[in-house]
Amino acid sequence: MKLRIFLLFLFLSLFRAQADVIDSLMTHSRDSIALTSDSLVLRFLSESGIPISDNNKVRLLKSGREKFIDLFSAIRDAKHHIHLEYFNFRNDSIANALFDLLAEKVKEGVEVRAMFDAFGNWSNNKPLKKRHLKKIREQGIEIVKFDPFTFPYINHAAHRDHRKIAVCGRNSSHWGVTFLATLTYGAVIVPILHEFKADNVHNIVNHSEARLLFVGDMVWENLNESAMPLLEGILMMNDFTLLVSRSQKLTHAREHLNELFGKKYPKNFRKEHVEYRKDQPEELAVINYTSGTTSYSKGVMLPYRSLWSNTKFGFEVLSLKPGDRIVSMLPMAHMYGLAFEFLYEFAVGCQIYFLTRMPSPKIIFQAFAEVKPNLVVAVPLIIEKIIKKNILPKLETPTMKLLLKVPIINDKIKATVREQMIQAFGGNFEEIIVGGAAFNQEVEQFLKMIDFPYTVGYGMTECGPIICYEDWKRFKPGSCGKAAPRMDVQVLSSDPENIPGEIVCKGPNVMLGYYKNEEATEQVVDKDGWLHTGDLALKDAEGNITIKGRSKNMLLGPSGQNIYPEEIEDKLNNLPYVSESIIVQQNDKLVGLVYPDFDEAFAHGLKNEDMERVMEENRVALNAMLPAYSQISKMKIYPEEFEKTPKKSIKRFLYQEAKG
């Protein structure tokens, strides 16, 4: 396995060069102007939530003689959009000078629009003279009808003033280049998981209204460009070649990239040329489509304050230094991997190694042995597979079980196992952070027994992602830590220490809402700004959060008892030859859906026809551990792994109506 490291200056040069390409292709609201004298428009802008003055989205100028100098200066500075509405000129010389200047901006590629209201008037006083209208059209200026619901500067909720750029492919340095180039340019990035099916990718591209799509070669093989009609172009992420172009500007920019770059930087690209636009805390940065564990994917709108707060969290609680190493193995299109295997590390100045293959235990150990990372970030399934397949079997032999009961030998065995595990993960890390899904209790108890440096965090895409965390030295086993810095985390319960309640949180990490889905937003974010996570938990006096399950997953027993299927599944997954499971309720009875560990079963001489007998034995053993109201009535075997989200949690909603 060959892993590449990009030096910081080369990385900056590459993504800045890519930003220049994008800059030649697209327009957005940066350095834009809106000119108006109408009180209705002023009020509408004020009520939209966008400040009228000193904001990055639009320079709003009231018309009037004393403002003409400011107006002409603003037009000369505009690089992307000029929108004029509700204006009139009594002085022809001023009007002619204005239109000549607008004509120059059109030639520079600036989008210029003159807008009229729903009544067809150009102002509340006198309509613009016909010769001016004719000149506007002759200069190539678009004339459009003003609509307050689509006017790009005032629809703050949907952030339609930002153009979208989608990226879909495996983890790679070019994925990072595309992400950083998009944000530094000022557009909105739409990361799409490469594991999504083609129809899902098409739907997300269309729903997000993306104009460009950067795609990996393996993803591109299954896509249909005609199913994404809004795209202006599709580029191959491997080498940024142009796959599809529906724009002459795009074609010209890509074919003349070196020429354009040379003209912009005739004396070579130097550090003084690195200049980034200044974003605002509430400005939309990322639309990340949820993994859809409990429903279909929704576009989570994350502002820059969320990216900043999550990155600052890394600086506050983690200890990476410039030059440290990390293996990027979680999907960069998911916020967990993006925030804590890329953005934080890039900000620190770490060397990031991209794991481009499926993270099997063999590949992970190979990467860790070579890279020797200073921090390991993982989902539970990866850690559980490594420990269950490679560690626990060695400790469950009769001899080892006996030796573990002898006090002094016991400690030496634990110390040896701990050291072997640390070396397996590269031998150079501060801690392993586990998050994204529930951690198996048996595995966690084992890690605690050998004093392994691990901790479990808690978060969700809607918080970009962090909500709870605690350093491994202070971590309470079974919990997911305490409220992260700047986050207020509460449990809605009359007795949070003993009665589970829903986790709600508030703080700068929380999303703006779901893209083009106000109804879904209102269901999870209340009027006071609290995000309702849908997770049920306990909270002790020290603030430790212990998750019991999801409120949507909770089942009711025959007498109204609360049944948390995740707790039953945790026990079932520790029984012989069970790889993974789901507990569902059918006709008031609990049913266990099981995907067996066929490899282990066959290695022990079992055959397919033996699996039903083994699972029935497991059902009996499981029921012996459960109260009467949560007994499992039958087991159903699945021949393939359950479909999963990027966090490797099962998409439960797909299996609620399972027959059998």
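Brief remarks follow.
- Checklist (1) outside any strand (DSSP E or B); (2) among the hydrophobic types (A, V, I, L, M, F, W, C); (3) over 20 Å from R357 (Cα atoms); (4) open to solvent by 30 Å² or more (accessible area, probe 1.4 Å) applied to L243, failing item: (1)
Residues are listed down the side, and each one gets a yes or a no for (1) at pLDDT 90 or above; (2) under 22 Å from N509 (Cα atoms); (3) charged (D, E, K, R):
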{"residue": "I409", "(1), (2), (3)": "no, no, no"}
{"residue": "M421", "(1), (2), (3)": "no, no, no"}
{"residue": "A424", "(1), (2), (3)": "no, no, no"}
{"residue": "N428", "(1), (2), (3)": "yes, no, no"}
{"residue": "A437", "(1), (2), (3)": "no, yes, no"}
{"residue": "M449", "(1), (2), (3)": "no, no, no"}
{"residue": "T455", "(1), (2), (3)": "yes, yes, no"}
{"residue": "I466", "(1), (2), (3)": "yes, yes, no"}
{"residue": "E470", "(1), (2), (3)": "yes, yes, yes"}
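- F642, sole failed condition from (1) open to solvent by less than 60 Å² (accessible area, probe 1.4 Å); (2) assigned to a helix (DSSP H, G or I); (3) among the aromatic types (F, W, Y): (2)
- Flag if E580 is surrounded by 15 or more Cβ atoms within 10 Å (Cβ to Cβ), modelled with pLDDT of 90 or more and of a type outside the set (G, A, S): yes
- Selected residue [in contact with a Phe, Trp or Tyr (Cβ under 8 Å, 6 or more places away or on another chain) and either open to solvent by 30 Å² or more (accessible area, probe 1.4 Å) or more than 19 Å from M460 (Cβ to Cβ) (or both)] from E600, E609, E617: E600
- Qualifying residues in the stretch 180-217 (those that are polar (S, T, N, Q) and within 24 Å of K648 (Cβ to Cβ)) - the one least open to solvent (accessible area, probe 1.4 Å): N200
- Residue among I383, I387, I352, I364 that alone is without any contact (Cβ under 8 Å) to a residue 60 or more places away in the chain and of a type in the set (V, I, T): I364
- Test: H207 is assigned to a loop (DSSP other than H, G, I, E, B) and within 25 Å of S306 (Cα to Cα): no
- Considering the conditions (1) out of contact with any Gly (no Cβ under 8 Å at 6 or more places or on another chain); (2) farther than 18 Å from L302 by Cβ; (3) in contact (Cβ under 8 Å) with a residue 40 or more places away in the chain; (4) among the small types (G, A, S), A198 is excluded by exactly one of them, (3).
- Meets criteria (at pLDDT 95 or above, out of contact with any Leu (no Cβ under 6 Å at 6 or more places or on another chain) and more than 17 Å from P465 (Cβ to Cβ)) for K372: yes
- Within the stretch 607-643, the residues that satisfy the criterion of being in contact (Cβ under 8 Å) with a residue 12 or more places away in the chain and within 28 Å of the chain's Cα centre (by Cα) are E640, E641, F642.
- For the stretch 432-449, a residue qualifies if it is out of contact with any His (no Cβ under 9 Å at 6 or more places or on another chain) and open to solvent by 10 Å² or more (accessible area, probe 1.4 Å), and the qualifying residues are I433, A437, A438, F439, Q441, E442, E444, Q445, F446, K448, M449.
So that you can scan it fast, the table gives a plain yes or no per residue for (1) of a type outside the set (A, V, I, L, M, F, W, C); (2) within 21 Å of A437 (Cα to Cα):
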site: C463; (1), (2): no, yes
site: K476; (1), (2): yes, yes
site: S479; (1), (2): yes, yes
site: K482; (1), (2): yes, yes
site: I499; (1), (2): no, no
site: E502; (1), (2): yes, yes
site: G507; (1), (2): yes, no
site: M511; (1), (2): no, yes
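- Residue in the stretch 224-236 that is nearest to H202 (Cα to Cα), counting only those that are open to solvent by less than 20 Å² (accessible area, probe 1.4 Å) and part of a loop (DSSP other than H, G, I, E, B): M228
- The residues of the stretch 488-516 that are buried (at least 16 other Cβ atoms within 10 Å of the Cβ) and in a loop (DSSP other than H, G, I, E, B), listed by number, are S493, P496, P500, G507, P508, N509, V510, M511, L512, Y515, K516.
- Those residues of the stretch 246-273 which are open to solvent by 70 Å² or more (accessible area, probe 1.4 Å) and within 30 Å of V219 (Cα to Cα), in sequence order: R246, Q248, K249, H252, E255, N258
- Flag if Y276 is open to solvent by less than 40 Å² (accessible area, probe 1.4 Å), modelled with pLDDT under 85 and over 30 Å from K552 (Cα atoms): no
- Residue match in the stretch 601-611 (condition: small (G, A, S) and assigned to a loop (DSSP other than H, G, I, E, B)): yes
- Odd one out for H202 among (1) farther than 19 Å from I189 by Cβ; (2) in a helix (DSSP H, G or I): (1)
- All of (1) open to solvent by 40 Å² or more (accessible area, probe 1.4 Å); (2) part of a strand (DSSP E or B); (3) at positive phi hold for I547 with one exception: (3).
- Cβ pairs under 8 Å, 6+ apart, first in the stretch 316-335 and under 10 Å from F354 (Cα atoms) and of a type in the set (S, T, Y), second assigned to a loop (DSSP other than H, G, I, E, B) and at pLDDT below 95: S328/N171; S328/L355
- So V417, is it modelled with pLDDT of 85 or more, more than 31 Å from the chain's Cα centre (by Cα) and open to solvent by less than 20 Å² (accessible area, probe 1.4 Å): yes
The values are calculated or read from the model by the stated rules, or taken from the named source; none is laboratory data. Worth saying up front: this structure is predicted, and the values here are computed from it rather than measured. For neighbour counting, all protein chains shown are included, and Cβ atoms are generated from backbone atoms with ideal geometry for every residue, glycine included. The protein model used for the area step is the full one, side chains on, heavy atoms only, and it has no ligands, DNA or RNA in it. Shrake-Rupley method; radii C 1.70, N 1.55, O 1.52, S 1.80 Å.
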